[in-house]
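Here is the structure we will look at.
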């Protein structure tokens, strides 16, 4: 089965001021599947993730060279509408960050911004997003309650529902379960298994077992370079490079 | 994120495998010696010593399961633990075969020796060599040496066939008296069983070599020789 390339990253360098945080990254990320980015702290995996929807543009003095194609479009081309890009490439962060609004409004927010006015259609879209984020059954009777009253795990799934509401093509997840307890983490992992059937997911995680469980492809970063990428099962049982082996077996870090 | 404690425990697990290998090797050497020198006292020590090897197997199982459950090992470490569990199972079965040889030897020692079977000495030689090389390949994590062991199994099979053929021919030749013929058959059958035990030990040594290649390189070479 041939897989469609969603992202094609070519010779990507990224700088925070003078500091080169990413060097010569070349990588393809396939459509509909989960790609995990692993590596020790400071290796550049989160920086790379944020390059995929240009979240790093918000950091003063940062700059990038190289190309990242989303489909056939270079997302660093001068004429790119970054707001539109971030609609196509949604993001979920480490700490759940719901708006201080109702559960319904959290999910409806992006839809309203995108011009949804019909109440019935809006309600339907909110329900679908909450169902897709495996949260609907837990909140359907209290959609008008504050999102801040939800547990941490529920808040994170609400953030996923919020990201899904605008029908993105890609979902970036930056350690989405690291602030959650084991049961909430399990729910997020189960959700990733569901979502990857329909979306392209790129996940940064410090938890190697989590990367092994949820992803199809794993990429190992070290000191700003992409060291090895491959099928998750192969990378965790028979990595090609000693540096990868030493990291995943805990011989350095 | 160095996992020093885990690697210390993994080293301890490997040391337990070396201990088991040393015990199994002693059993094999003594079983062969007891058969060749018709030493029933030595044969009895193998039967008495089997319990210790069984205990080591249980200890390896316990340590391995603990590391799998608590440490969630990856890559070479994961292959090492899975490989060790398989190797210890094979070594325990080798020790059982040695007990079987010892029991037959005790029977043979109670009766006059059979006609010499030269292929038996060759079978003992190749079997001991295969186990010795397999254990060394594990100690050195030497996949190259491990890969050479399965080919020796054909030689062991050939010697086993020669033993079988020689002893069946001997049984077919006429001996004076019914009781003498029965005794000859009983001794020859016991010797054939010993040759089968040695042939199984050669097979199990091949298994160990295959596990070593899997641990070292992550490639399963099982059954390749037979395809």
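What follows is calculated from the coordinates using simple rules that are stated; it is not laboratory data. In this text, all values refer to a predicted model and were calculated from it rather than measured experimentally. When we count neighbours, we look across all protein chains shown, and the Cβ atoms used for this are built from the backbone with ideal geometry, even at glycine.
Each label was represented as a point 7 Å from its Cα along the Cα-to-Cβ direction; for residue A:145 and residue B:5 these points are 4.0 nm apart. For segment B:1-105, the relative contact order works out to 43 percent when only alpha carbon pairs closer than 8 Å and six or more residues apart are counted. Placing a pseudo-label 7 Å from each Cα along the Cα-to-Cβ vector at residue A:137 and residue B:115 gives an inter-label distance of 7.9 nm. Per residue, the protein assembly as shown reaches -20000 deg cm²/dmol at 222 nm when only DSSP H runs of four or more residues are counted, each adding -39500 (n - 2.57).
When only alpha carbons of segment A:82-188 are considered, Rg and Dmax amount to 13.0, 39 Å. Hydrodynamic radius of segment A:57-106 by the Kirkwood approach over all distinct alpha-carbon pairs: 13.7 Å. Cβ-Cβ distance of residue A:77 and residue B:62, R₀ of 51 Å, FRET efficiency by 1/(1 + (r/R0)^6): the value works out to about 0.25.
What residues of segment A:50-68 lie in the reach of a label at residue A:113, counting those whose backbone N is under 16 Å from a point 7 Å from the Cα along Cα→Cβ? Only A:53-58 pass the distance filter. The distance between label points at residue B:70 and residue B:196 comes to 4.4 nm (points 7 Å beyond Cα on the Cα→Cβ vector).
Largest GNM mean-square fluctuation across A:142, A:225, A:54, computed for chain A with C-alpha springs under 10 Å, falls on A:142.
The Rg/Rh ratio for chain A is 0.97, where Rg is the radius of gyration of the alpha carbons and Rh is the Kirkwood radius.
Normalising the average separation of contacting C-alpha pairs (under 8 angstrom, six or more residues apart) by the number of residues puts the relative contact order of segment A:179-229 at 22 percent.
For segment B:122-198, the Cα-based Rg and Dmax, in that order, read 17.2, 57 Å. Among A:191, A:58, A:143, the largest mean-square fluctuation in a Gaussian network model of chain A, built with springs joining Cα atoms closer than 10 Å, belongs to A:58. When the Gaussian network model of chain B links Cα atoms closer than 10 Å, the mean-square fluctuations of B:86, B:66, B:139 top out at B:66.
Between residue B:41 and residue B:144, take the C-beta separation as r, use R0 = 41 Å, and let me know the FRET efficiency to the nearest 0.05. My answer for the efficiency is 0.50.
Between the Cα long axis of helix B:178-217 and the first principal axis of chain B there is an angle of about 20°, rounded to the nearest 10.
Take every pair of alpha-carbon atoms less than 8 Å apart whose residues are at least six positions apart; their mean separation over the length of chain A yields a relative contact order of 27 percent. Scaling against 2.2 N^0.38 Å puts the C-alpha radius of gyration of segment B:1-97 at 1.28. Beta-bridge orientation, the protein assembly as shown: approximately 60 percent antiparallel, per DSSP, counting only bridges with both partners inside.
Here is the size of segment A:148-208 from its Cα atoms: Rg then Dmax, 11.2, 31 Å.
Out of every Cα-Cα pair in segment B:4-226, what percent are more than 29 Å apart? Across segment B:4-226, Cα pairs with separations above 29 Å total 33 percent.
So how far, in whole Å, is the C-alpha centre of segment A:108-154 from the one of segment A:204-253? Cα centres, segment A:108-154 to segment A:204-253: 36 Å. Of all DSSP beta bridges confined to segment A:5-248, the antiparallel ones make up roughly 60%. Shape class for the protein assembly as shown: prolate, because the ratio a/c of the largest to smallest gyration tensor axis (alpha-carbon atoms, square roots of eigenvalues) is 1.5 or more and a/b beats b/c.
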